[in-house]
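The values are calculated or read from the model by the stated rules, or taken from the named source; none is laboratory data. From a predicted model like this one, the values you see are computed outputs, not experimental measurements. Note: ideal-geometry Cβ built from the backbone for every residue, glycine included; neighbour counts use all protein chains shown. We work out accessible area using only protein heavy atoms, side chains counted, and drop any ligands, DNA or RNA first. Shrake-Rupley method; radii C 1.70, N 1.55, O 1.52, S 1.80 Å.
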Amino acid sequence: MSDQSYTAEDIYVLEGLEPVRKRPGMYIGSTGTAGLHHLIWEVIDNSIDEAMAGFAKNIEVTLYDNNQIKVTDDGRGIPVDIHKQTKKSALETVMTTLHAGGKFGGKSYQVAGGLHGVGVSVVCALSSYLRAEVCRDGKLYVQEYERGKPKAPVKAVGKCQKSGTSILFEPDSEIFFNGQKPKEHKFSLKTILDHLRQQAYLTPGIKIIVKDERTIEKEPGEPRFFIFYFEDGIKAFLKHLIRGKEVEHPNIFTVSQKYEGNILVEAALQYTKDFEIRELSFANNIYTPEGGMHLTGFRSALTKTINKFAKENNFFNSKENSLLTREDVEEGLAVIVSVKLREPQFEGQTKAKLGNPEARTAVENIISEAFYNFLKNNPQDASLIVQKSLLAQKARIKAKAVKETILRKGVLTGLMLPGKLTDCASRNPEESELFIVEGDSAGGSARQGRNPKFQAILPLKGKILNVEKARLSKMLDSKEIKALIVALGTAIAEEFNLDKLRYHKIILMSDADVDGLHIQTLLLTLFYRHFKPIIERGYLYIAQPPLYRITNGKEVYYAFSDQEKEEIVKKIKSPNPDIQRYKGLGEMNPEQLWETTMDPDRRFLYQVTIEDAEYADKMFDMLMGDEVLPRKKFIEAHAKDVVNLDV
């Protein structure tokens, strides 16, 4: 191809909202489930911004059929007068123009989440239908849009008494749902409730109402109407975060203070008796899962302050003691850090990380002073916190010695794979699969039934160690966990390296009974606590073995549930079909295990998400933790569901 064939005609200019429709992932992260829900967050952000500015007190979110969502607030309402620059209504400008909004000038909003100004216009671009209603100055204004283009000018359609904005939208099936309009509901009520509960905690005094108007089957008594309202803000949020946990000290540390008059720093923390760290950080009410400068400032302040207090009060009274590290002071920590600032610099439109250096300075200064005063004024809490950190220090030093011994022996370097691992021939992680199988019997069938080119088998004997109540040093003493770490190839803790993962499909394969589910939950908790990046990258799966084998003459069917079994029996209409109920994977011969559970062309795999693992971790906390009351309530509430349990 000659240089002359590449001319100005080959340069395409995307106008209006065309860039959004052409590359939606650049604006909402993906066109999958996360991106779909991101549309809601963008609309809600505008209402939350009105609340943070002091103009809105109520937000209502309603779910309808056809995957339609409506968000209504009682704020000032989007302006509708003619915009000088665009010569169009301000409402139409905001809805159809990227980087247009009231958050750039600084007069309308001192603090806002959606500072990129692309939020609601992106939702408009990616919706097959959107209707905006604005109540201002006693009049109700309406404009409708199709895929980012207005169907008609903004017009007044009646009168209204209160001010506010209502946005109803339907995601475009050309962008989402693989191009086909889905029959089932794609919005997750749980995901929406979790997000809005979070927003209500972070905006004390605001009332958020959620209504589920969808025509879907629900259990009797299952609610369709929810209200979130919290006066205590992040203190209430922290109590929710550690609900069911046994706390290390009685008082919750909280602070809400402005730094140099322009950055509001809020934090709440309390230590629990377990080892897990729970850190949530927010900037202008936007969750920052990758942290950023505000979280860095908090971590630095926490470590320095505890060391300062411990040194001044003679806690370092032995030769073994040295300055505490961040790892020492974070064991069992539950903390929420929230900053509100005028010009937040987020990394990417999905705002995963805060980049403002001034946020670090603000948080570090305010936390250092406020937390030191907390320790000084609460000697019982202070002593318990410092003693827990010193105990964590001893455990860290011991774990380091254990790891060094193991590394010297070459066990965690990948040079010496565990004897119980039957590895695959491939050395390409992208095509390699590791089946983690319950017991030697199932492991034997899996070894014989597998495809040795790309499928590896690791049988684990019985239930692995409960990592909920075990430090790293004890974990490394467990033969089963050590074998798993070596098989994965990633090492663990600070030596963890995802690039060294030997398999990009790690499949948990356990019996479909109570013990199997228990083992599965233990493994999910282990991965969630110590190998979270594996889940985040989408490498962890759960195999779905069948419950029944149904034969009718030479015909063979497999059923994965009681309902499916009944449907198969009805379909074949045989008076005496042979129905075999599998008690475990070991009952299947290698051929059956291959064709039902291991064959990539026929098997059913469930990809584990962070939400799945987090839920399993919380359930495990409740069912296996020290708190009796939550466990008792759960059993009482769900006893009716297990009356026919086949143990």
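Beyond 18 Å between alpha-carbons counts as too far, so tell me which of K258/K304; K273/K482; K70/K353; K218/K570; K505/K532; K181/K571 fall in that bin.
K258/K304; K273/K482; K70/K353; K218/K570; K181/K571, as the Cα separations exceed 18 Å there.
Is it possible to state the helix-based mean residue ellipticity at 222 nm for the chain, with each DSSP H run of 4+ residues giving -39500 (n - 2.57), the sum divided by total residues, to the nearest 500 deg cm²/dmol? What is it?
-11000 deg cm²/dmol
Over the range 194-298, what percent of the accessible surface lies on carbon and sulfur atoms, probe 1.4 Å?
Carbon and sulfur: 47 percent of the exposed surface of the range 194-298.
If you roll a 1.4 Å probe over the heavy atoms of the protein chains, what accessible area per residue do you get for the range 287-370, in Å²?
Heavy-atom SASA per residue in the range 287-370 reads 44 Å².
For S383 and S300, what is the calculated FRET efficiency with R₀ set at 25 Å and r taken between the beta-carbons, to the nearest 0.05?
0.65
Less than 12 Å Cβ to Cβ from A301, Lys/Arg counted +1 and Asp/Glu -1: what total charge do the surrounding residues give?
+3
Return the percentage of antiparallel bridges among DSSP beta bridges fully within the chain, rounded to the nearest 5 %.
Close to 70 percent.
If r is the Cβ-Cβ distance from E430 to A352 and R0 is 35 Å, what FRET efficiency results, to the nearest 0.05?
0.90
With a cut-off of 8 Å between alpha carbons and a minimum separation of six or more residues, what is the relative contact order of the chain in percent?
9
Considering only the other residues whose Cβ falls under 13 Å of the Cβ of P600, what net charge follows from Lys and Arg at +1 and Asp and Glu at -1?
Result for the neighbourhood of P600: 0.
Can you find, among L295, V363, V335, the residue sitting farthest towards the positive end of the charge dipole of the range 261-376, where Lys and Arg contribute +1 and Asp and Glu -1 at Cβ?
V363
Modelled label-to-label distance, F604 and I209, 7 Å Cα→beta-carbon offset: nm?
The modelled label-to-label distance comes out at 4.0 nm.
Starting from the Cα of K159, step 7 Å along the direction of its Cβ; do the same at D515; then give the gap between the two resulting points in nm.
For K159 paired with D515, the spin-label model returns 7.5 nm.
At E591 and D477, where each label point lies 7 Å from the Cα along Cα→Cβ, what is the point-to-point distance in nanometres?
Those two pseudo-labels are separated by 4.8 nm.
For E614 and E290, what is the calculated FRET efficiency with R₀ set at 25 Å and r taken between the beta-carbons, to the nearest 0.05?
0.95
By the gyration tensor of its Cα atoms, with a ≥ b ≥ c the square roots of the eigenvalues, what is the shape of the range 220-360: rounded for a/c under 1.5, prolate for a/b over b/c, or oblate?
Verdict is oblate for the range 220-360.
For the range 415-460, with every protein chain kept in place, what is the accessible area per residue (1.4 Å probe, Å²)?
45
If a cysteine in the chain has no other Cys Cβ under 4.7 Å from its own Cβ, put it on the list, ordered by number.
If one checks each Cβ against the other cysteines of the chain, C124, C424 turn up with nothing under 4.7 Å.
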